[in-house]
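Each remark here refers to the structure printed beneath this line.
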Amino acid sequence: MNARITLVESISPPIVAKRFSFADGVLKKESVANIFEGKAWSKAADDAESFAAILRQCAERSNCCLIPGSFASDDAPGKTFALVTEKALAQALKKNIGDAALAGLHEVGRERWAARLKRSISPSVWLLLDADDPEGMPEEMRRLDLCQRLSVFEALLPGI
């Protein structure tokens, strides 16, 4: 079972967050999480304490986010690799965007590169729940506070 989490330090954009604005009486939320360039590394999260330490490390920084899993062929936990767009990786490897060969980590010159592709990432045993209210969320869920939401999830994930 994969108990690793990947941390991403964003270079472009310089922050990873949500931006809020208020216009015409409406509060709007916009994600600033499309990372075009960064560096990443995986860390073992073998127990709740080590997972919490990783969450704290990430939460203390405005340019950091988590990927609950690890990249295929990342056989060196803690060793950084460049996180690039699929287009940049495809160009460097002389492949087409969408090519299955772009999955995982790759040696590009003297660096390790990866694109943030679903097919590149092995999921972790850890699960992160986001408690915000995204557009399209059913109103009956939107009205619930965190404790009430956890009660609803209990039917799906006993012991949550």
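Structure summary
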quantity	calculated
Test: ILE54 is in a helix (DSSP H, G or I) and not polar (S, T, N, Q)	yes
Any hit, the range 19-40, residues being touching a helix residue (DSSP H, G or I) at 6+ places or on another chain (Cβ under 6 Å) and either under 30 Å from GLY109 (Cα atoms) or surrounded by 13 or more Cβ atoms within 10 Å (Cβ to Cβ) (or both)	no
Failed condition for GLY38, given (1) closer than 29 Å to ILE160 by Cβ; (2) at pLDDT 85 or above	(1)
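The values are calculated or read from the model by the stated rules, or taken from the named source; none is laboratory data. Every value quoted in this text rests on a predicted model; they were computed, and no experiment measured them. Cβ atoms come from the backbone with ideal geometry, glycine included; neighbour counts cover every protein chain shown.
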